[in-house]
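Worksheet for the structure shown next.
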Amino acid sequence: QVQVVESGGGLVQPGGSLRLSCVASGSIVSIDTRGWYRQAPGKPRELVARVTNYGNTQYSDPVKGRFTISRDTAKNTVSLEMNNLKPEDTAVYYCHVGVSAYDYWGQGTQVTVSS
């Protein structure tokens with residue numbers, strides 16, 4: 001079993017920054033993929049960013065140039081640095097890890113961008 005725990009959400013004003021962190025623990029041989037998704041009220045969950053073990057990154061168009069994903073393979077962590085936040089970034093953010101073809105999700109952390 002793998003546990004995934006996020007931290008770092010909160011309330012921020014437009015133009016502000018937040019950093020989300022995620023740590024995976026448990027029966028982990030190796031993590032294949034790490035990523036962040038988000039779900040706004042009334043909308044489906046969507047990819048924000050992900051990173052492979054080779055360091056290749058992918059970002060959704062709305063966050064390109066503002067968000068940066070990073071990982072520490074030794075510590076099984078993945079982080080998301082979010083800058084120049086906008087009200088439309090408001091959502092519950094979920095950490096995802098892929099381990100041996102299985103998907104594991106965190107419980108989600110709320111990010112609210114509002115003045």
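All of the numbers you see were taken from the coordinates with simple rules; none came from a lab. None of the values given here were measured: they were computed from a predicted structure. Because the Cβ atoms are built from the backbone with ideal geometry, glycine has one as well, and the counts that use them run over all protein chains shown.
By how many nm would the segment from V29 to T112 grow when fully extended, if each residue of separation counts as 0.36 nm and the alpha-carbon distance is taken off? Spell out each step's value before the answer.
Values: separation 83, 0.36 × 83 = 29.88 nm, distance 3.47 nm.
So the extension gain works out to 26.4 nm.
The distance separating the Cα centre of the range 93-115 from that of the range 33-53 comes to 7 Å. Take the Cα radius of gyration of the range 46-115 and divide it by 2.2 N^0.38 Å, N being the number of residues; the result is 1.15.
Packing, as the average of other Cβ atoms within 10 Å across residues, places the peptides 72-83, 90-101 in the order 90-101, 72-83, highest first. Candidate cross-link partners of K43 among the aspartates and glutamates, defined by an alpha-carbon separation under 18 Å and a same-chain spacing of 8 or more, comprise D61, E88, D89.
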